[in-house]
Amino acid sequence: MAVTHNLGFPRIGARRELKLALESYWKGQSSIEALKALGAELRQRHWQDQAALDLVPVGDFAFYDQMLDMSVTLGNLPERVRGLQGDALDNYFRIARGRSAPSADDRARCGGVAAGEMTKWFDTNYHYIVPEFTASTRFELDASRLLEQLAEAEAQGVAAKPVIIGPVTYLALGKAKDGSDRLALLERLVPVYAELLHTLAANGAEWVQIDEPILVTELDEHWRHAFTTAYQALKGEPVKLLLATYFGALQDQQYLVANLPVAGLHIDAVRGRNDVIPLLNLLPSNKVLSLGVIDGRNIWKTDLSAVLDWLEPIQEQLGDRLWIAPSCSLLHVPVDLESERQLDGEIKSWLAFARQKLAELRLLATALNQGREAVRAELEANRAAIDTRRQSPRVNNPEVKTAIARIDVRLGQRKGPYAQRAAVQAERLRLPRFPTTTIGSFPQTAEIRQARRRFKAGELDEAAYRQVMRTEIACCVREQEALGLDVLVHGEAERNDMVEYFGEQLDGYAFSQFGWVQSYGSRCVKPPILFGDISRPRAMTLEWIRYAQSLTDKPMKGMLTGPVTILNWSFVRDDQPRSVSCRQLALAIRQEVLDLERAGVRIIQIDEAALREGLPLRRSQWQDYLDWAVECFRITANGVADETQIHTHMCYSEFNDIIAAIADMDADVITIETSRSDMELLDVFDDFQYPNEIGPGVYDIHSPNVPSEQQVVQLMCKAAERIPAERLWVNPDCGLKTRQWDEVIPALTNMVAAAKTLRATLS
């Protein structure tokens, strides 16, 4: 009988209950007891959603991030939060965001600490808090979180499978703050894992899922040897280990993984289908093989008959040793499709969210265990939905395909080289040294959100809604002028999300009402659904930028999201190469760029925050992706005259190893995140002579902490050691929509003051 299980469930709640509870606590509007109670309620609800599975994950719930949870479990807390008062959860939030609730962070005791560095979780749009190490790091078990959740699950009658991050992945994804060797810590770390496994077994756990997704990346011999060392040391613990990999294929790690001393292995059979047959030949006869057959990263229905065609012979070979599951944690998809009442019916019939994916899993298990006839009606309905999508004229647009066929290299070429462009732009813009700007968005106030809700509910007509947005834009422009910023933005009051806003105005997209996915902490995004060929029926931003520019004599940036980011932050169709969809987006956004230029907009920012996120997990596959991703940006940006200054923005990723590709984008100015990493991302400029202008972000907008003028000056002086001062901009590290005006005003005041100091001291 095939065993069903899940690797993880969305933790935010179907209505973003966790987000709302977190933000209420952080504002001091609710108690920590209320927050913990909400967490327990969500866990209970989500276990009920998974009750039909043979094994249910426990420990996948986190109040902020699962990697941060693992740091707490291992006792690996940064020195700066040790000894601070308050509940342990308050210290947890201080690591995540620099502060906890006001009552816990009384200014006399805790004026805020440096937040932990945050970066992307593999090639997803989820962000994790990077573990911090030094040569003297010691680990000490704190299993209270897992034991509490395990006891809750057992009281509810859940067939619990605790979930933890594995020791090698934990070290690999962390950062040594003193430059020491992370692998040297393995000898200290593994005994704490052994103690944890022993403790879980003593509290009733039979199986423990231990996630080692780093195995789908390229590993050198030292990291490969670390797996052998770690799991040989853990093999005597009285619990069965299911070693889980996901997000890609094992490839050259197949033999290593098959022979690790664990009771079972989970692989991503969606992205790593080619691993399956070799592993059947390599796997010892006593090991479980779990196949991730339902895509945990996208929202399309599974072709169940096609999966059964290749799964049934495997079941005949493995028997009870076959487990089936989603490919990875369902953290990366929305909770429930049944909540969607406004989604187009035909498109809805093509989709599956987390709860529907688990239903698909149960159907597969029934077909395997009882025969297809037992679920014949369900399989026929699934086949009809798959066929309808493939044949729908809404998916395929011949005119768009013709436009793609006509793309040639000239579309991606600027008219003049950077040095020539820089001269004419300097003459036209007349900006001071260290020009100040922001990344695009300003706080999405309660008034903005209320107006948007009322407009969508039909309680506010379009004219009234537009007037509210104009009022908010005018306020934003006035505030920026009062602050003394050099290049202004309109604040993006009219935009719900930097991707969803554009998707709503492009043909080929559909939108959910409750399709929220966690990005980090309380930050949730609602990715649009790219289901068909993309085209732009009309201008998308022109009205708002024109209006904002009419209010000021200072340069007003036109703000667009780039094609690669729109692609990577959407649920993308799986019936054609991603590169084709990206080129369609590039042509659509190019039309918007040219419209802005014709309207007299002198600076246009095309955000590519997700450029690195789309990199394949193996370096050997990078170049193909970078070739088409950079091509798409250049198609979008490079139809303008030399006088028009093109900016791009990238955030919260390690860019050092793709700096040559970033330079090849040939944007006149790039802005990147450097505040949380203390300018470490600029180390690459010690060896790489970046030719254009750069704005290293000096204000960490993911923390409520307000940077001082001195802190900004210090960060910019570090940048000036690597980049000529005349090519440096001063800006936050990301958009300001998630912050409050009472944080933004003092932070930007200090930033502008720092720029003035820099002009006086670094002339």
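The values are calculated or read from the model by the stated rules, or taken from the named source; none is laboratory data. As the structure is a computational prediction, the values presented were derived from the model and not from experiment. Neighbour counts run over all protein chains shown; Cβ positions are idealised from the backbone, glycine included. Note: areas computed on protein heavy atoms with side chains; ligands, DNA, RNA excluded. Shrake-Rupley method; radii C 1.70, N 1.55, O 1.52, S 1.80 Å.
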At what distance in angstrom do the alpha carbon centres of region 434-463 and region 668-734 lie from each other?
28 Å
Reach of LYS240 by Cα under 27 Å, taken over lysines that are not fewer than 8 positions away in the same chain
LYS161, LYS287, LYS357
Backbone HN-Hα couplings from phi across region 300-305 [Karplus 6.51/-1.76/1.60, Hz, Gly and Pro as x]:
7, 4, 7, 6, 5, 5
Explain nothing, just compute: Karplus ³J(HN,Hα) = 6.51 cos²θ - 1.76 cosθ + 1.60, θ = phi - 60°, for every residue of region 453-458 in order, whole Hz, x for Gly and Pro.
4, 5, 5, 5, 7, x
Tell me, what HN-Hα J-couplings in whole Hz come from the Karplus equation 6.51 cos²θ - 1.76 cosθ + 1.60 at θ = phi - 60° for each residue of region 13-19, using x for Gly and Pro?
x, 5, 10, 6, 4, 5, 4
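Please state the shape class of region 347-396: rounded when a/c is under 1.5, otherwise prolate if a/b exceeds b/c and oblate if not, all from the C-alpha gyration tensor. Show your work: numbers first, answer last.
Numbers: a/c = 3.78, a/b = 1.76, b/c = 2.15.
Because a/c hits 1.5 or more and a/b fails to exceed b/c, region 347-396 counts as oblate.
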Could you work out the relative contact order of region 635-758, using alpha carbon pairs under 8 angstrom and six or more residues apart, expressed as a whole percent?
25 percent
Helix 88-97 sits at what angle to the longest principal axis of the chain, using alpha carbons and giving 0 to 90 degrees rounded to 10?
50 degrees
Strictly over 23 Å apart at the Cα level, which of LYS177/LYS737; LYS401/LYS526; LYS554/LYS756; LYS36/LYS526; LYS554/LYS718; LYS175/LYS235 would you flag in this model?
LYS177/LYS737; LYS401/LYS526; LYS36/LYS526; LYS554/LYS718; LYS175/LYS235
Amide H to amide H, which residues 5 or more places from GLY440 or on other chains are under 5 Å from it, using H placed in the peptide plane?
LEU736
Heavy-atom accessible area ranking, 1.4 Å probe, most first, across GLU23, GLU492
GLU23, GLU492
Length-normalised contact order of the chain in % [C-alpha pairs under 8 Å, at least 6 apart]:
13 percent
Could you pull the accessible area for LYS177 with a 1.4 Å probe, rounded to 10 Å²?
90 Å²
Under the definition of Cα pairs under 8 Å and six or more residues apart, what whole-number percent is the relative contact order of region 540-616?
47 percent
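Kirkwood hydrodynamic radius (Cα pairs, Å) of region 509-561? Don't jump to the answer; show the numbers that get you there.
On the way: mean 1/r = 0.0696 Å⁻¹.
One decimal place: 14.4 Å for the Kirkwood radius.
If packing is taken as the mean number of other Cβ atoms within 10 Å per residue, what is the order of 607-616, 182-191, highest first?
Values: 607-616: 23.3, 182-191: 17.0.
For the peptides 607-616, 182-191, the packing ranking is 607-616, 182-191.
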Expressed in angstrom and rounded, the centroid-to-centroid distance over alpha carbons for region 354-374 and region 18-44 is 35 Å
Whole-Å distance linking the alpha carbon centroid of region 140-213 with that of region 475-513 is 42 Å
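Quickly rank 625-632, 279-286 as a protection proxy: mean count of other C-beta atoms within 10 Å, highest first.
Details: 625-632: 22.0, 279-286: 12.4.
Ranking the peptides 625-632, 279-286 by packing returns 625-632, 279-286.
Using only the heavy atoms of the protein chains and a 1.4 Å probe, how would LYS415, LYS737 rank by accessible area, largest first? The partial results should precede the final answer.
Details: LYS415 140, LYS737 45 Å².
So the residues, ranked largest to smallest area, are LYS415, LYS737.
Considering only protein heavy atoms, with the full assembly of protein chains and a 1.4 angstrom probe, order GLU693, GLU643 by accessible area, largest first. Write out the running numbers ahead of the final one.
Details: GLU693 25, GLU643 80 Å².
Largest accessible area first, the list is GLU643, GLU693.
Using packing as a proxy for protection, rank 94-100, 298-304 so that the peptide with the highest average count of other Cβ atoms within 10 Å comes first.
Values: 94-100: 23.9, 298-304: 20.7.
In descending order of packing, they fall as 94-100, 298-304.
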Surface accessible to a 1.4 Å probe, TRP26 within the full protein complex, Å²
30 Å²
Could you work out how far helix 144-155 tilts from the main Cα principal axis of the chain, as a 0 to 90 degree angle to the nearest 10?
50 degrees
Counting sequence-distant residues (5 or more places) and residues on other chains, those with an amide H built under 5 Å from that of LEU7 are LEU330
What are the extents of the Cα atoms of region 317-364 along their three principal axes, listed from largest to smallest and rounded to whole Å?
44, 21, 12
With everything on Cα atoms, drop me the angle between helix 622-637 and the longest principal axis of the chain, reported from 0 to 90° to the nearest 10.
30 degrees
